[in-house]
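Participant: Can you read through this structure? Questions will come right after.
The values are calculated or read from the model by the stated rules, or taken from the named source; none is laboratory data. Only a predicted model underlies this, so the values are computations on that prediction, with no experimental measurement involved. With ideal geometry, Cβ positions are generated from the backbone for all residues, glycine too; neighbour counts draw on all protein chains shown. Note: accessible area is taken over every heavy atom of the protein model, side chains too, but ligands, DNA and RNA are not part of it. Shrake-Rupley method; radii C 1.70, N 1.55, O 1.52, S 1.80 Å.
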Amino acid sequence: MLLISTDGGDHWRVSNTQVDGHGASLVVDPLDANRLYVGTWYAGVWRSQDGGNSFQSINNGLPSASQMFLSVSVDPSNPERIYLGVGGSVYFSSNQGGHWTKVAGDLSTENGVDVITVDPQNPQNVYACAGWDGAFQLLGWDPNNP
């Protein structure tokens, strides 16, 4: 269930549509507050273009929905670029989730990638944290040339 507040958290309402599966992560496009991404437990990743009132599945290029989609991050310098933690791997989309490419695999064999963040000063630095296994930095990968 997605709850929405438009007054700084004083009042809440339930989104008109439910994302299929349990929400595990939520991120808002830094340049368009109406664009939301939700990663789920075992039901893929979803995008809303209308502030959470409706969602569409955006799983083209991703593994089976039986994976845990625990973390989503939007590149603050270019919101077309999205990163997604799927199991112990990281996937990348250059077109708002239209298609995904695996850019780092097997970061953790025991845990899923719980957190991904993009360095706002240098977006080529992408950080992923996988459960109890520690943090990893994806080095030498150019998001402009996947």
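Participant: Looking at (1) within 24 Å of V126 (Cα to Cα); (2) open to solvent by 50 Å² or more (accessible area, probe 1.4 Å), which one does V14 not meet, given that it meets all the others?
Facilitator: (1)
Participant: Now for a different question. Which of the strands (runs of 3 or more DSSP E) found entirely inside the stretch 26-118 contain at least 1 residues meeting this: farther than 26 Å from R13 by Cα and touching a Phe, Trp or Tyr at 6+ places or on another chain (Cβ under 7 Å)?
Facilitator: In the stretch 26-118, the matching strands (runs of 3 or more DSSP E) lie at 82-86, 89-93, 101-104, 113-118.
Participant: Please go through the stretch 74-93 and pick out each residue that is in contact (Cβ under 8 Å) with a residue 40 or more places away in the chain, under 17 Å from D29 (Cβ atoms) and open to solvent by less than 10 Å² (accessible area, probe 1.4 Å).
Facilitator: D75, I82, Y83, L84, F92
Participant: Still on this structure, I have one more. Tell me, yes or no, whether the stretch 44-54 has at least one residue that is open to solvent by 30 Å² or more (accessible area, probe 1.4 Å), of a type in the set (A, V, I, L, M, F, W, C) and touching a residue at least 24 places away in the same chain (Cβ under 8 Å).
Facilitator: We begin by selecting, within the stretch 44-54, every residue open to solvent by 30 Å² or more (accessible area, probe 1.4 Å); these are 46, 49-50, 53-54.
Then keep just the ones that are of a type in the set (A, V, I, L, M, F, W, C); that gives 46.
Filter once more, keeping what is touching a residue at least 24 places away in the same chain (Cβ under 8 Å): 46.
Yes, that holds for at least one residue.
Participant: Which number in (1) at pLDDT 85 or above; (2) open to solvent by 90 Å² or more (accessible area, probe 1.4 Å); (3) not in a strand (DSSP E or B) marks the one condition that P123 misses?
Facilitator: In the conditions (1) at pLDDT 85 or above; (2) open to solvent by 90 Å² or more (accessible area, probe 1.4 Å); (3) not in a strand (DSSP E or B), P123 misses (2) alone.
Participant: Sticking with this structure for a sec: Could you list, in sequence order, all residues of the stretch 1-25 that are of a type outside the set (A, V, I, L, M, F, W, C), assigned to a strand (DSSP E or B) and farther than 24 Å from G87 by Cβ?
Facilitator: R13
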